Amino acid sequence: MVAALAVILVGLGKGGFSGLGSASMPLMALVIDPISAAAILLPLFIVQDVVGVWAFRKHYDARILAWALPGALVGTFLGWLLAASVAIWVVEAAVGAIALSFGINRIAAMRGGGLQASGEQREYLGVFWGAVSGFTSQVALAGGPPFQIWAMSRQLAKPVFVGTCAIFFAVINWFKVPAFFALGQFTRHDLMFSAMLLPVAIASTFAGVALVKRVSAERFVLAINLLMIAVGAKLLWSALA
């Protein structure tokens, strides 16, 4: 039931409610270990990426990708290194801290504060933000906020921004595949579980496309960010305790 709810959030995020997918991993980490949770969700992300990349294949900024992707590869490696060399509770604490900080920052940004794009940042900073995005994506499947902080400052047209994000995260998700194989997480059980959730992921993506035109996105995203803060605090408390 928790996995289905997490996948629905991912689908709604892909369908137009940007940022909801970041809550999926912390939510699943409440009931199973975060590495297994990520291994179950990753194949669903990869399938959903196909739709985004195809839809925006003609709208992207190659220079942003060229700066950010090398950093993302390093960040993904560091995330794998953390998961491979520490106890599960440390990864759980990292997931909780990421969820808590992202939720607080997003609510602050909605009120005009928080860490957000303010003016055009230097191109070379894309390597840094790409690395942060790769790390948080590997650990908590939440690489969106760090990359968007930098990419939004580049003043891209909306289709180009969306297309660049779609390609960036599609590539990152494939970066993570060898890492999860190395962690021994793509088991038959996990892949079967992912396959079972695939119809839910596809249906919720189309639901997001339909609902985003009818529901107040701001209130919906606010509610999910509050949920992310609560879940992140619970994970962090449980891990440290």
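Structure notes:
- Criterion (outside any helix (DSSP H, G or I), in contact (Cβ under 8 Å) with a residue 12 or more places away in the chain and either out of contact with any Leu (no Cβ under 9 Å at 6 or more places or on another chain) or among the basic types (Lys, Arg) (or both)) met by exactly one of Ala142, Ala239, Ala203: Ala142
- Glu92 being part of a loop (DSSP other than H, G, I, E, B) and either at pLDDT 90 or above or of a type outside the set (S, T, N, Q) (or both): no
- Only one of the numbered conditions (1) within 20 Å of Val7 (Cβ to Cβ); (2) touching a Gly at 6+ places or on another chain (Cβ under 7 Å) is not met by Gly130, and that is (1).
- Residue list for segment 100-127, filter: at pLDDT 75 or above and under 12 Å from Ile64 (Cα atoms): Arg122, Glu123, Tyr124, Leu125, Gly126, Val127
- Sole residue being assigned to a helix (DSSP H, G or I), surrounded by 15 or more Cβ atoms within 10 Å (Cβ to Cβ) and in contact with a Leu (Cβ under 6 Å, 6 or more places away or on another chain), chosen from Ala97, Ala166: Ala97
- Number of the exception - Ala6 against (1) modelled with pLDDT of 85 or more; (2) crowded, with 20+ Cβ neighbours inside 10 Å; (3) over 18 Å from Ala207 (Cα atoms): (3)
- Taken together, Ser36, Ser24 contain a single residue that is closer than 24 Å to Glu92 by Cα, modelled with pLDDT of 80 or more, among the polar types (S, T, N, Q) and buried (at least 23 other Cβ atoms within 10 Å of the Cβ), which is Ser24.
- Residues that are at pLDDT below 85 and within 19 Å of Phe175 (Cα to Cα), drawn from segment 55-83: Ala83
- Index of the failed condition, Leu183 passing every other in (1) surrounded by fewer than 17 Cβ atoms within 10 Å (Cβ to Cβ); (2) modelled with pLDDT under 85; (3) farther than 24 Å from Pro34 by Cβ: (3)
- Enumeration of residues in segment 145-156 that are surrounded by fewer than 19 Cβ atoms within 10 Å (Cβ to Cβ) and in contact (Cβ under 8 Å) with a residue 40 or more places away in the chain: Arg154, Leu156
- With respect to the conditions (1) without any contact (Cβ under 8 Å) to a residue 12 or more places away in the chain; (2) among the basic types (Lys, Arg); (3) closer than 19 Å to Ala94 by Cβ, Lys234 falls short on a single one, namely (1).
- All positions within segment 139-160 that are closer than 16 Å to Gly52 by Cα and over 16 Å from the mean Cα position of the chain (by Cα): Lys158, Pro159, Val160
Per-residue answers, yes or no, for (1) more than 16 Å from the chain's Cα centre (by Cα); (2) without any contact (Cβ under 8 Å) to a residue 40 or more places away in the chain:
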position	(1), (2)
Ser22	no, no
Met28	no, yes
Leu44	no, no
His59	yes, no
Thr76	no, no
Ala93	yes, no
Asn105	no, no
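- Condition broken by Ser85, with the remaining ones in (1) surrounded by fewer than 20 Cβ atoms within 10 Å (Cβ to Cβ); (2) more than 18 Å from Val162 (Cα to Cα); (3) of a type in the set (S, T, N, Q); (4) under 16 Å from the mean Cα position of the chain (by Cα) satisfied: (4)
- Here Trp67 does not fit the description of being in a helix (DSSP H, G or I), without any contact (Cβ under 8 Å) to a residue 60 or more places away in the chain and closer than 29 Å to Gln155 by Cα.
The values are calculated or read from the model by the stated rules, or taken from the named source; none is laboratory data. Bear in mind that the values here come from a model prediction, so they are computed numbers and not experimental data. Don't worry about glycine lacking a Cβ; one is built from the backbone with ideal geometry, like all the others, and counts go over all protein chains shown.
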